[in-house]
Amino acid sequence: MAKFFDEINDKHREFIAAQRIFFTASAPLDAEGHVNLSPKGMDSFRVLSATKVAYMDINGSGNETSAHMLENGRVTMMFCAFDGPPNILRLYGKGYTVLPGHAEWKELSPLFNLPLSARQIIVADVHKVQTSCGFGIPYYDYKGERDQAIKWAENKGEEGIEKYQAEKNRISMDGLQTAMFDGS
């Protein structure tokens, strides 16, 4: 049975901290646009307060979440128990993107072990927390983090990453600007 809360309590915080993976979902306002659903790992999630969270976002082939944050801010983050008692926890919120060089970056970046592959931090103000049974979620064993994103970034170097982001991360698949768009 689903239960709703207005903020993240200590039990929620403990559950979130124990998870090795979470998922983010966002969507454009246009009904013809694509809903984005992304898995995240690498110890990249932080609970900042009872109503505020952030996660480090690494370089990828798209930047849909950032585009959706600029357009409408809607974001959902979901955590599932893949071991221990079954549980699903969703955080519903309004988010925004923080890029290196922004004032808030200086405050947030020390909270993460930022690899070269980190491109931005997504921050969300949470207005609803939902828990549900998770009875249908299978058990999985955690074997470790993948290192391909870190090796990819090291191989590209800073200049290569900047070029990649300019080509792949400034416009969403639906043609929306991301926070990385600079008009050029």
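When Phe181 is evaluated against the numbered criteria (1) touching a helix residue (DSSP H, G or I) at 6+ places or on another chain (Cβ under 6 Å); (2) more than 23 Å from Ile8 (Cβ to Cβ), which criterion, by number, is the only one it fails?
For Phe181, the failing item is (1).
Output the number of residues of the range 134-161 satisfying the condition of being surrounded by 11 or more Cβ atoms within 10 Å (Cβ to Cβ) and part of a helix (DSSP H, G or I).
Counting residues in the range 134-161 that are surrounded by 11 or more Cβ atoms within 10 Å (Cβ to Cβ) and part of a helix (DSSP H, G or I) gives 10.
Could you identify the single residue in Ala67, Ala25 that is under 17 Å from Gln165 (Cβ atoms) and touching a Leu at 6+ places or on another chain (Cβ under 6 Å)? Quick ask: steps written out before the conclusion?
Working: Ala25 fails: under 17 Å from Gln165 (Cβ atoms).
Residue meeting the stated conditions: Ala67.
Taking helices (runs of 4 or more DSSP H) that fall entirely within the range 5-116, which contain at least 3 residues that are crowded, with 16+ Cβ neighbours inside 10 Å and at pLDDT 95 or above?
Details: elements: 10-18, 64-71, 103-108.
In the range 5-116, 10-18, 64-71 are the helices (runs of 4 or more DSSP H) which contain 3 or more residues that are crowded, with 16+ Cβ neighbours inside 10 Å and at pLDDT 95 or above.
Does any residue of the range 26-48 turn out to be on the phi < 0 side of the Ramachandran plot, free of Cβ contacts under 8 Å to residues at least 40 places away in the same chain and among the small types (Gly, Ala, Ser)?
Looking for residues that are on the phi < 0 side of the Ramachandran plot, free of Cβ contacts under 8 Å to residues at least 40 places away in the same chain and among the small types (Gly, Ala, Ser), one finds at least one in the range 26-48, hence yes.
The values are calculated or read from the model by the stated rules, or taken from the named source; none is laboratory data. Just so we're clear, the structure is a prediction, and the values are computed from it rather than from any experiment. All Cβ positions, even for glycine, are placed from backbone atoms using ideal geometry, and neighbour counts span all protein chains on display.
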